[in-house]
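**Q** Got a structure for you, questions after.
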Amino acid sequence: MKKYLLPRCLILALLCALVSSCGYSARALLPSRFKTVHIAPFKNKISYTSDEARETYFPLLEIKIRNAVADRFLFDGNLKVDNSEQADLLLKGELIGYQRDGLRYTENEDVQEYRIRIEVSLQLWDSEKNELLWEEPSFSADTTYFLTGPLAKSETTAVEDALKDLARRVVERTIEDW
């Protein structure tokens, strides 16, 4: 009888742990009928003719955003990117802001560190029902970069980092519905 006591106690402990678990899951929270997503080309809604915006223009940023989001969906693997409008989900977006602000300055008032912020407006639609699932009127990501020193990088590299952050957030918002 004693030789069966240890396995029974172990099984009971495992059952208790299983029943009392917190319920965390790494799977998608989307309904199982959603298999594909179409990412519409992002529209650029930034007015670059104003004096403030002229200095912070970054060419083809709306195309780079769409490509980064598509790449992140491919990396995530929960939804396949479908280039036709027959996809289960339709993601629409607009580039509404790009800012480059100085954060740190030298004694001579030269900028040492910048913050880049990319802001988009997003909508996710259920294509079959033509129903808006969620909308984010101001969704953003940012990064910082130094101009000199061991942590120095170019503005282009910093923009790529911000795009990766933005794409990660968009996919998480879509898949996890947070």
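**Q** With the dipole of the stretch 26-144 worked out from charges on the C-beta (+1 for Lys and Arg, -1 for Asp and Glu) around the Cα centre, which of Y98, P41, P137 lies farthest toward the positive end?
**A** P41
**Q** Please state the Cα pair-distance histogram of the stretch 61-160 with 10 angstrom bins from zero: what percent is in each bin?
**A** Histogramming the stretch 61-160 at 10 Å steps yields 13, 35, 27, 15, 7, 2 percent.
**Q** I need the GluC sites (Glu not before Pro) found in the stretch 85-178, filtered to DSSP loop residues with at most 10 other beta carbons within 10 Å of theirs.
**A** E85, E107, E109
**Q** Which pairs, out of K45/K129; K45/K92; K129/K164, put more than 23 Å between their alpha-carbon atoms?
**A** Listed pairs above 23 Å: K45/K129; K129/K164.
Every read-out reported here was derived from the displayed coordinates using simple, explicitly stated rules and does not represent laboratory data. All figures in this text were calculated on a predicted structure; none of them were measured in a lab. Virtual Cβ from ideal backbone geometry, glycine too; neighbours counted across all protein chains shown.
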